[in-house]
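A.B. asks: Before anything else, here's the structure in question.
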Amino acid sequence: MNFNAVPGLVDVKQAHGETTLVVDPARLIEAALHLRDELGFNLLSDIAATDYLDRPSTQGFQALPSLKPKRFAMNYHLLGVRTGAPRVRLQVWLDEDEPVPSVVTVWPTADWHEREAWDLMGVPIEGHPNLRRILMDDDWEGHPLRKDYPIGGEPVRFSGDE
């Protein structure tokens, strides 16, 4: 499959039998519409936000991985529901507090996935119809899956404690 006509295409990566299309965040909607309407990727199965926070780790490998272009990656996992079921990952890179446009108008299944990315990672989703917490309590402070989220938790109360 040829992805060269995808709007805003920055890079095409092939690794582990998977194709990743890196696009400019400002052109995400155009790229999403092209992938859905022209190339037939009509199902968004997941959105995964990832925090890299400039802390490279060997993760058991012999060498450090390369530094990432920005702190956060938003990964949109797409499937073409047809014979052969092609898959592709659409990826954008974001700095802290840099918004990404909502793809709810392209794939309605993005609704809860984008809310989860906001709730747990703090990635601002511009134009989302109902951007509010989905897993954490409304009064929760911070975003618990970020690498800079303080570890330590809440004090636990035991019966008999006064």
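A.B. asks: Condition test on Phe41, is it among the aromatic types (Phe, Trp, Tyr), more than 23 Å from Leu120 (Cα to Cα) and surrounded by 11 or more Cβ atoms within 10 Å (Cβ to Cβ)?
C.D. replies: Criteria met by Phe41.
A.B. asks: Within region 63-81, take every residue that is assigned to a loop (DSSP other than H, G, I, E, B) and farther than 15 Å from Met121 by Cβ and give me the one that is nearest to the chain's Cα centre (by Cα).
C.D. replies: Across region 63-81, the extreme among qualifying residues is Pro69.
A.B. asks: Please determine, by comparing only the residues of region 105-123 that are part of a loop (DSSP other than H, G, I, E, B) and open to solvent by less than 30 Å² (accessible area, probe 1.4 Å), which one is nearest to Pro25 (Cα to Cα). First the steps, then the outcome.
C.D. replies: Initial filter on region 105-123 (part of a loop (DSSP other than H, G, I, E, B)): 105-109, 122-123.
Next, only the ones that are open to solvent by less than 30 Å² (accessible area, probe 1.4 Å) stay: 106-107, 122-123.
Values: Val106: 15, Trp107: 17, Gly122: 16, Val123: 13 Å.
So the residue we want is Val123.
A.B. asks: How many of the residues in region 80-115 are free of Cβ contacts under 8 Å to residues at least 12 places away in the same chain and at negative phi? I'd like the intermediate steps shown before the answer.
C.D. replies: The initial filter retains those residues of region 80-115 that are free of Cβ contacts under 8 Å to residues at least 12 places away in the same chain, namely 83-85, 108.
Then keep just the ones that are at negative phi; that gives 83, 108.
So the count comes out to 2.
A.B. asks: Name the residues in region 73-127 that are among the aromatic types (Phe, Trp, Tyr) and closer than 16 Å to Asp46 by Cα, would you?
C.D. replies: Tyr76, Trp107, Trp112, Trp118 - these are the residues of region 73-127 that are among the aromatic types (Phe, Trp, Tyr) and closer than 16 Å to Asp46 by Cα.
A.B. asks: Return the residues of region 1-31 that are touching a helix residue (DSSP H, G or I) at 6+ places or on another chain (Cβ under 9 Å) and surrounded by 14 or more Cβ atoms within 10 Å (Cβ to Cβ); say none if nothing qualifies.
C.D. replies: Hits for region 1-31 are Phe3, Val6, Pro7, Gly8, Leu9, Leu21, Val23, Asp24.
A.B. asks: Somewhere in region 51-59, is a residue within 22 Å of Arg27 (Cα to Cα) and either surrounded by fewer than 18 Cβ atoms within 10 Å (Cβ to Cβ) or touching a Leu at 6+ places or on another chain (Cβ under 8 Å) (or both)?
C.D. replies: Among the residues of region 51-59, at least one is within 22 Å of Arg27 (Cα to Cα) and either surrounded by fewer than 18 Cβ atoms within 10 Å (Cβ to Cβ) or touching a Leu at 6+ places or on another chain (Cβ under 8 Å) (or both), which makes the answer yes.
A.B. asks: Based on what the data block shows, is Pro69 open to solvent by less than 60 Å² (accessible area, probe 1.4 Å), within 20 Å of Asp11 (Cβ to Cβ), out of contact with any Pro (no Cβ under 7 Å at 6 or more places or on another chain) and not β-branched (Val, Ile, Thr)?
C.D. replies: no
A.B. asks: Considering Gly142, Gly84, Gly152, Gly60, which residue is among the small types (Gly, Ala, Ser), assigned to a loop (DSSP other than H, G, I, E, B), modelled with pLDDT under 95 and touching a Gly at 6+ places or on another chain (Cβ under 9 Å)?
C.D. replies: Gly142
The values are calculated or read from the model by the stated rules, or taken from the named source; none is laboratory data. Just so it is clear, the structure is predicted and the values come from calculations on it, not from any experiment. Heads up, the Cβs are rebuilt from the backbone with ideal geometry, glycines too, and the neighbour counts pull from every protein chain shown. Areas reflect the complete protein model, heavy atoms only, side chains present, ligands, DNA and RNA absent. Shrake-Rupley method; radii C 1.70, N 1.55, O 1.52, S 1.80 Å.
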